[in-house]
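A.B. asks: Starting off with a structure, shown below.
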Amino acid sequence: MLQKLKKQLSLTAQAFLGQRIQPKVVVFESDDWGGIRMPSPEIYRSLSQKMPMIKEDRFSKFDHLASADDLSALFEVLQKHKDSRGKPAIFTFNVTTANPDFNEILHHNFERYFVEPFHQTILREQPGALSLWNDGFFAGLYRPQFHGRDHIHQQRWLFHLANGNSAVREAFNHRTYGFDNTFDGTEYLLAAYDYPAVEDTSIWKASIDHGLQIFEDFFEFVPKSFIPPCYIAPKQLVSYLQTKGVDTLQGKLYSFEPAGITSGKRNYHKKIRKAGFDAKTGQTNLVRNCFFEPSRGKGDWWVADCLARIEVAFKWGKPAVIDTHRVNYIGSLVEGNRKENLMLLDQLLAKIKSKWPDVQFMSSDELAQLYKGN
């Protein structure tokens, strides 16, 4: 009972912060679309024997490039649920717009980083999925936004590859990423923009410029919002994105700005984020206040928890911004992962509509525009 009360107080305190809006809005923000992860069940079994630590990592176990079956199954659920305006439920697909070019990196002896655009990776690995990306977009079932070009810290990755780290090399040989239990968590490699302000900005600027160009070439518009991989980015990068027209920042309650290394430990400035439009900076903050990650386990607990968080948000005139990663909807490695989690998503959407008939489903950039209009 005490734990439940503490959680309710915490949710209420969070909901008190930030800009209010009039309609009841639900936004699903889903990260990692376009990026590679585990290539196959066989490779997962091989790597997990050599690196038992990845057995605890749901992304290694379940995540993969979305197949045509994955996309069509997700879109079928979204299409089924219309909001008070007659619009279907919509996901914001936060896209990493490029993947490592393993052949070129190897050819250059791990001295330089090379990429291929995400749609080229999809065309090679999941050719039947590319048309679904177009169909889902034009049907209003997803709206792409920017997750960066990379989801790998290229300098750290190349360093460990060049120096022969066995775990990283083994994963590279299987065309995926590798982790070592001496690392400070998987974010060590995955936090693509973990660059303190004192470091050279040319690497992340080149990544951002190229990543945005790939996005615009494929989707034919400039994204309005950005979510940093692992929620870590220097404030200079966020400001730079504003000059490119990307003026909305997605994220959780706190931001993490790299602050350098002290005594061998990486440090971050942890700052609280208030949802809404800031007229002084011209930036809009979207704050994720609900979570739907059933690939972690616990089944329909996620439905109940998400509904409770939505209720608090609506009570305080705030949108419900739901954090839900791609990994929850992928069945190429473990079909049951997609099947079971889509059933839970179906339940969640049905209960949202039943409890709040006047709900409006929006993408992240639509919510940002609503904030600005208010």
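A.B. asks: In the range 284-327, what residues are aromatic (Phe, Trp, Tyr) and more than 20 Å from Cys230 (Cβ to Cβ)?
C.D. replies: Result: Trp301, Trp302, Phe314, Trp316.
A.B. asks: Among the residues in the range 109-125, are any open to solvent by less than 30 Å² (accessible area, probe 1.4 Å), aliphatic (A, V, I, L, M), farther than 25 Å from Glu76 by Cα and out of contact with any strand residue (DSSP E or B) (no Cβ under 6 Å at 6 or more places or on another chain)?
C.D. replies: No - not one qualifying residue is present in the range 109-125.
A.B. asks: Quick one: is Gly260 assigned to a strand (DSSP E or B), open to solvent by less than 60 Å² (accessible area, probe 1.4 Å) and farther than 23 Å from Asp70 by Cβ?
C.D. replies: yes
A.B. asks: Tell me the strands (runs of 3 or more DSSP E) entirely within the range 42-154 that contain at least 3 residues that are among the hydrophobic types (A, V, I, L, M, F, W, C).
C.D. replies: 91-95
A.B. asks: Hey, among Phe75, Phe138, Phe93, which residue is under 30 Å from Trp356 (Cβ atoms), open to solvent by 60 Å² or more (accessible area, probe 1.4 Å) and aromatic (Phe, Trp, Tyr)?
C.D. replies: Result: Phe138 is the single residue among Phe75, Phe138, Phe93 that is under 30 Å from Trp356 (Cβ atoms), open to solvent by 60 Å² or more (accessible area, probe 1.4 Å) and aromatic (Phe, Trp, Tyr).
A.B. asks: Need the failing condition index for Ile214 against (1) surrounded by 13 or more Cβ atoms within 10 Å (Cβ to Cβ); (2) out of contact with any Pro (no Cβ under 6 Å at 6 or more places or on another chain); (3) part of a helix (DSSP H, G or I), just the number.
C.D. replies: Result: Ile214 passes all but (2).
A.B. asks: Give all pairs with beta carbons closer than 6 Å in which a residue from the range 236-264 that is more than 18 Å from Ala197 (Cα to Cα) meets a residue that is open to solvent by 40 Å² or more (accessible area, probe 1.4 Å) and basic (Lys, Arg); count only pairs at least 6 apart in sequence or on separate chains.
C.D. replies: Partner pairs satisfying both residue conditions: Thr248/Lys224; Tyr254/Lys270.
A.B. asks: What is the residue count in the range 166-180 for residues that are of a type in the set (S, T, N, Q) and open to solvent by 30 Å² or more (accessible area, probe 1.4 Å)?
C.D. replies: Total meeting the criteria: 2.
A.B. asks: Scan (1) of a type in the set (S, T, N, Q); (2) assigned to a strand (DSSP E or B); (3) surrounded by fewer than 16 Cβ atoms within 10 Å (Cβ to Cβ) for the single condition Ser255 breaks and write down its number.
C.D. replies: All conditions pass for Ser255, except number (3).
A.B. asks: Something else: Please determine whether any residue of the range 180-190 is modelled with pLDDT of 95 or more and of a type outside the set (A, V, I, L, M, F, W, C).
C.D. replies: No - not one qualifying residue is present in the range 180-190.
A.B. asks: Also: Identify all residues within the range 340-368 that are in a helix (DSSP H, G or I), under 21 Å from the mean Cα position of the chain (by Cα) and either touching a residue at least 60 places away in the same chain (Cβ under 8 Å) or more than 26 Å from Gln145 (Cα to Cα) (or both); write none if there are none.
C.D. replies: Glu340, Leu342, Leu345, Asp346, Leu349, Ser364, Asp365, Glu366, Leu367, Ala368
A.B. asks: Is it true that some residue in the range 312-328 is open to solvent by 40 Å² or more (accessible area, probe 1.4 Å), touching a strand residue (DSSP E or B) at 6+ places or on another chain (Cβ under 6 Å) and either in a strand (DSSP E or B) or within 15 Å of Lys24 (Cα to Cα) (or both)?
C.D. replies: Taking every residue of the range 312-328 in turn, none turns out to be open to solvent by 40 Å² or more (accessible area, probe 1.4 Å), touching a strand residue (DSSP E or B) at 6+ places or on another chain (Cβ under 6 Å) and either in a strand (DSSP E or B) or within 15 Å of Lys24 (Cα to Cα) (or both).
A.B. asks: Looking at the range 140-166, which of the residues that are of a type in the set (A, V, I, L, M) and touching a Leu at 6+ places or on another chain (Cβ under 8 Å) is farthest from Ala368 (Cα to Cα)?
C.D. replies: Once the filter is applied, the top-ranked residue is Ile152.
A.B. asks: Can you report the number of residues in the range 263-296 which are of a type in the set (Asp, Glu) and open to solvent by less than 30 Å² (accessible area, probe 1.4 Å)?
C.D. replies: Qualifying residue count, the range 263-296: 1.
A.B. asks: Here is a follow-up. Answer with yes or no whether Asn99 is surrounded by fewer than 16 Cβ atoms within 10 Å (Cβ to Cβ) and in contact with a helix residue (DSSP H, G or I) (Cβ under 8 Å, 6 or more places away or on another chain).
C.D. replies: Here the answer is no, as Asn99 does not meet what is asked.
The values are calculated or read from the model by the stated rules, or taken from the named source; none is laboratory data. Keep in mind it's a predicted model, so treat the numbers as computed, not measured. Note that each Cβ is placed from the backbone with ideal geometry, even for glycine, and that neighbours are counted across all protein chains shown. In case anyone asks, the SASA skips ligands and DNA or RNA and just uses the protein heavy atoms, side chains included. Shrake-Rupley method; radii C 1.70, N 1.55, O 1.52, S 1.80 Å.
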